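As structure tokens, the structure follows; a few thoughts come after it.
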Amino acid sequence: MPKRIAIIPGDGIGPEVIGVAERVLAKVVHSFRAPLVWTRFDWGAEKYLREGVTLPEGAIEMLRRDYDAILIGALGDPRVPSNQHAADILLGIRFGLDLFVNQRPVKLLDARLCPLKSVTEKDVDFVVFRENTEGAYAGVGGNFKRDTPDEIAVQEDVNTRKGVERILVHAFEFAVQHGRKKVCMSDKSNAMPYGHGLWQRAFSDVRKRYPQIEARHLYVDTLAMEIIRNPSQFEVIVTCNLFGDILSDLAAALLGGLGAAPSANLNPGRVSMFEPVHGSAPGIAGKNQANPMAAILTTGMMLENLGFPEASSRIETVVREAIHQNVATADFGGTLATREVGDWICERLEEDIC
Ligand code: NAD
Ligand code: IPM
Ligand code: MN
């Protein structure tokens, strides 16, 4: 049975970078004899503006039933200031499929791209695990006396013992399985004693089950500073939904920017969704300027998840070679267009026929 992939190119630069990712997939089918088939879905701003439809009815059940993985570009369009379609589609899939792990690797592929002095590739290699189904993203809240001078807005931060514990356990298990020795949990329990006090208590229980792992806690403000001051001290970071979102963009700066940051939304053993960390970048959309490497590395994460680890590590090697040879878009100091970077990477993958 081939592995079935649902592809959602999305908005802005999404279709451009996912176009390259699809060509990479085609090379993987050919070079690695990987049985993969995929279907494209046009969910995004265009469809929403045209038909009023965001995530079509029955979509979650269909994805769960008919697909092994989802590859998504980005969602967000200046013509939809409410961001309603992105919330319905992106958060709708994360929540609907209970993809509670957002895994965001921070791996420097070329020291030249890191803005910090004297940092080498081995100094920046950690993974951020972001809780992905609750916290400030739960959508619990409301407005009272809206659009009056007395307006009140409430946005609740929802933390459940089950939800917090499962992401903590996942981070420790990942460390054990991948030979990592350190896990750092980050919260803001000094200012948010109820919600993040729960993180503290769950962490104190879970860490006892992993005596071989050096477990540490940092408040998120300090962690943000330490990630820049000395990134080599981190191996695994685990945190809540909102802090994970912010820290993963911060950490991407160490890699040269969002053009190099892949991610996976996982429910281990079930259909999962893979997306670059970056957004739809409306400022460069449609100009063939977007860096496709984050989408390509994301495709690599998906292939590993689908059971093709050789293809995944080959993709990472080829992306690294491309960067070393300055086969890159402007954000990485190159002069090439999105499609030209894609051409070069696909040609190198073609040479691998086994
Ligand atoms: P963004 O990630 O789209 O862009 C931030 C900056 O990085 C911009 O300067 C952009 O040009 C640059 N950039 C991003 N990706 C790039 C790439 N591949 N190559 C070169 N440069 C790249 O973030 P934003 O501007 O805050 O958000 C734009 C829209 O995207 C918003 O609607 C936002 O909600 C949405 N968004 C969606 C996702 C997602 O779907 N996963 C993630 C983040 C933001
Ligand atoms: C991300 C994005 C999303 C998030 C937005 C578009 C809702 O920034 O995937 O990092 O905050 O999770
Ligand atoms: Mn983000």
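The values are calculated or read from the model by the stated rules, or taken from the named source; none is laboratory data. Keep in mind the model is a prediction, meaning the values are calculated, not measured. Please note: Cβ atoms are built from the backbone with ideal geometry, for glycine as well, and neighbour counts cover all protein chains shown. Note: areas computed on protein heavy atoms with side chains; ligands, DNA, RNA excluded. Shrake-Rupley method; radii C 1.70, N 1.55, O 1.52, S 1.80 Å.
Taking segment 327-350 as the range and being without any contact (Cβ under 8 Å) to a residue 60 or more places away in the chain and open to solvent by 70 Å² or more (accessible area, probe 1.4 Å) as the test, the residues that pass are ALA330, THR335, GLU340, GLU347. The set of residues from segment 257-290 being more than 10 Å from ligand 1 (Cβ to nearest atom), assigned to a loop (DSSP other than H, G, I, E, B) and either open to solvent by less than 20 Å² (accessible area, probe 1.4 Å) or within 17 Å of ARG320 (Cα to Cα) (or both) comprises PRO262, ASN267, VAL271.
Scanning segment 237-251 for residues that are in contact with a strand residue (DSSP E or B) (Cβ under 9 Å, 6 or more places away or on another chain), closer than 23 Å to PHE172 by Cα, open to solvent by 10 Å² or more (accessible area, probe 1.4 Å) and away from ligand 3 (no atom under 16 Å from the Cβ) turns up nothing.
Kindly provide the set of residues from segment 74-103 that are within 23 Å of ARG64 (Cα to Cα) and in contact with a Pro (Cβ under 8 Å, 6 or more places away or on another chain), ordered by number. Within segment 74-103, ALA74, VAL101 meet the criteria. Output yes when any residue across segment 83-95 is touching a residue at least 12 places away in the same chain (Cβ under 8 Å) and in contact with a Lys or Arg (Cβ under 7 Å, 6 or more places away or on another chain), and no when none is. No. Taking the conditions (1) within 16 Å of ligand 1 (Cβ to nearest atom); (2) over 16 Å from PRO9 (Cα atoms) in turn, THR299 satisfies each one other than (2). Is it true that some residue in segment 137-153 is closer than 30 Å to ILE228 by Cβ, assigned by TED's automatic domain parsing to the domain that holds PRO231 and either modelled with pLDDT of 95 or more or part of a loop (DSSP other than H, G, I, E, B) (or both)? Looking for residues that are closer than 30 Å to ILE228 by Cβ, assigned by TED's automatic domain parsing to the domain that holds PRO231 and either modelled with pLDDT of 95 or more or part of a loop (DSSP other than H, G, I, E, B) (or both), one finds at least one in segment 137-153, hence yes. Of all residues in segment 282-304, those that are within 18 Å of GLY257 (Cα to Cα) and in the same structural domain as ALA74 (by TED's automatic domain parsing) have Cβ atoms under 9 Å from Cβ atoms of residues that are of a type in the set (Lys, Arg) and more than 11 Å from ligand 1 (Cβ to nearest atom), 6 or more apart or on another chain, in ASN288/ARG339; PRO292/ARG339; LEU297/LYS107. Among the residues making up segment 18-58, those that are part of a helix (DSSP H, G or I), open to solvent by 50 Å² or more (accessible area, probe 1.4 Å), without any contact (Cβ under 8 Å) to a residue 40 or more places away in the chain and among the charged types (D, E, K, R) are GLU46, ARG50, GLU51.
Just a yes or no: is a residue in segment 10-17 touching a helix residue (DSSP H, G or I) at 6+ places or on another chain (Cβ under 8 Å) and away from ligand 1 (no atom under 12 Å from the Cβ)? Within segment 10-17, none of the residues are touching a helix residue (DSSP H, G or I) at 6+ places or on another chain (Cβ under 8 Å) and away from ligand 1 (no atom under 12 Å from the Cβ). For segment 96-117, the candidate set comprises residues that are touching a residue at least 40 places away in the same chain (Cβ under 8 Å) and aliphatic (A, V, I, L, M); within that set, the residue that is nearest to ligand 2 (Cβ to nearest atom) is LEU99. Going through (1) within 26 Å of ALA45 (Cα to Cα); (2) of a type outside the set (Phe, Trp, Tyr); (3) open to solvent by less than 20 Å² (accessible area, probe 1.4 Å) one by one, GLY300 falls short only on (1). Taken together, ALA294, ALA322, ALA311 contain a single residue that is in a helix (DSSP H, G or I) and within 16 Å of ligand 3 (Cβ to nearest atom), which is ALA294. Looking only at residues of segment 172-194 that are in a helix (DSSP H, G or I) and touching a residue at least 40 places away in the same chain (Cβ under 8 Å), we find that the one that is most open to solvent (accessible area, probe 1.4 Å) is PHE174.
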